[in-house]
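This report refers to the structure that appears directly beneath it.
Coordinate-derived values only; no laboratory data. Predicted model, so just to flag it, every value in this text is computed and none were measured. For neighbour counting, all protein chains shown are included, and Cβ atoms are generated from backbone atoms with ideal geometry for every residue, glycine included.
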Amino acid sequence: MAAVAAGLGMVAPLHATAFTIAVDFSGGGLTTTQQDRFRDAAGIWMSLLPQYQPGINITSLGIGASGVSIDGSGGVLSQAGPTYATVQGGYFLATQGIMRFDTADLAAMETSGSLFSVILHEMAQVMGFGTLWELNGVYTNGTGQYTGSHGVAAYRSEFNQPGATFVPAELGGGPGTANAHWNEVDGGAGATRVVSAQGDMRNELMTGWLNSSPYISNLTVESFRDIGYLPASSLTPVPEPSTFMLFGASSTLVGVLRRWVR
């Protein structure tokens, strides 16, 4: 993960501003269809999180997406994270980031159908999921306890955990996985038995391992509220759970494919 450079620019507009993602493909290495998957992923996150919280006037999150040589087939799939952040409205917010995918793995991921899910996951981390938790005061490294109030509230209701005071965060998997994802068990190989209407937590998009039928939970969406975003559920009725399923994923992803690597 690239280091975050925080620039302090405090402003306070009267109204919430739109959250937009601008993907720059000038780094090369991606086919037209692969670029389309990045655009699709950006569209999903912008539809779920259409605005920033009041007090923020960032114009967009710029992401440099490229295909590069990393370590050959079957190793590190991608490297992604915020590269610059600012402080506005009391939040640390990413303003620029990178998403670099290994050219040796891109075609295989595209063929297997996993590429879109990997892009969605990595884009969320550029936006601040896991990467800006500690700076925003919702997580302390090494505790395994996410404490953002909106995320915890969603976890209680969505996953039938009424007494929860935190959301379990991953402590296994090593650097890039620990302290930056929702918790799984057995290295992603076993069921967590923490279940929502959409399925076991192990299948949630933002855990540390990619499993079959990944979905984006309301927990994940609400956790972004804790770090400066305003979910669409704040503006319109909450969609049915199936709305958050990743299109086509269930027919192409079988079992645990691999650990997310940054």
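R0 = 45 Å: FRET efficiency of Thr143 with Thr33, Cβ-based, nearest 0.05? Before the final figure, lay out the partial values.
Details: r = 41 Å, r/R0 = 0.92.
For Thr143 and Thr33, the calculated efficiency is 0.65.
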- [ ] Round to the nearest 0.05 the FRET efficiency obtained for Ser66 and Thr165 when R0 = 35 Å and r is the Cβ-Cβ distance.
- [x] 0.25
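From Cα pairs below 8 angstrom and at least 6 apart in sequence, can you work out the relative contact order of segment 97-213, rounded to a whole percent? Mind showing how you got there, number by number?
On the way: 147 pairs, mean separation 19.9, N = 117.
This gives 17 percent for segment 97-213.
Relative contact order (percent) for segment 5-259, with alpha-carbon contacts under 8 angstrom and 6 or more residues of separation? List each step's numbers first, then the result.
On the way: 543 pairs, mean separation 45.2, N = 255.
Answer for segment 5-259 is 18 percent.
Over all alpha-carbon pairs in segment 5-259, figure out the percentage whose distance exceeds 30 Å.
Working: 7112 of 32385 pairs.
For segment 5-259, the share of Cα pairs beyond 30 Å comes to 22 percent.
Using Cβ contacts closer than 10 Å as the measure, can you line up Asp24, Asp105 from fewest to most?
Numbers: Asp24 13, Asp105 23.
In order of increasing Cβ crowding within 10 Å: Asp24, Asp105.
Tell me, what is the FRET efficiency for Ala18 and Asp186 to the nearest 0.05, using R0 = 35 angstrom and their Cβ-Cβ distance as r? Walk me through the intermediate numbers first.
Details: r = 41 Å, r/R0 = 1.17.
That pair, Ala18 with Asp186, gives E of 0.30.
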